[in-house]
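Before any comments, here is the structure.
Nothing in this text is a laboratory measurement; each read-out follows from the coordinates by a stated rule. Fair warning: this is a prediction, and the values are worked out from it, not measured in the lab. All Cβ positions, even for glycine, are placed from backbone atoms using ideal geometry, and neighbour counts span all protein chains on display.
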Amino acid sequence: MQTNFSVTLAEYKPIAAYKPKIGDFLVWHGWFTHWYGIVSGIEAETNKLKVVKAGMPILLFSMDPNEMDQNLEIVSLAKLKKSRGSYAVQQSNIWYT
């Protein structure tokens, strides 16, 4: 039996169109390392994002508040939007790549 429907795992948009929200999930990839993060704050006047980061999602989602403060990364929104493959962001069911 053949079905006539397509499967879509996610909706994709260009990273330049990204508009940050608290709780967005970020993935950053460098040449030899990577990290996962959650947007925990947005500084509108400086266009910077406060991101709590960790090397593995299980570590990210099991941090206590002290660990969150120690693993805070400030990310420039302009740098993120101009990135070519080093950042990916998930917002709801939308992935920005």
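Points to keep in mind about this one:
- Listed by chain and number, the aspartates and glutamates placed with their C-alpha closer than 19 angstrom to that of Lys50 are Asp24, Asp64, Glu67, Asp69, Glu73; residues fewer than eight positions away on the same chain are left out.
- Working note: 222 nm ellipticity from helices only, DSSP H runs with n ≥ 4, each -39,500 (n - 2.57), summed and divided by the residues of the chain, gives -3500 deg cm²/dmol to the nearest 500.
- Segments 43-52, 62-71 sorted - mean Cβ within 10 Å per residue, highest first: 43-52, 62-71
- Sorting Ser86, Ser6 by the number of Cβ atoms found within 10 Å of their own Cβ, with the fewest placed first, yields Ser6, Ser86.
- As a size descriptor, the averaged projected area of the C-alpha convex hull of the stretch 1-74 was calculated at 8.4 nm².
- Gain upon complete extension [Glu11, Ser86; 0.36 nm per residue less C-alpha separation]: 25.1 nm
- Computed from the Cβ-Cβ distance with R0 of 30 Å, the FRET efficiency linking Glu45 to Gln70 stands at 0.75.
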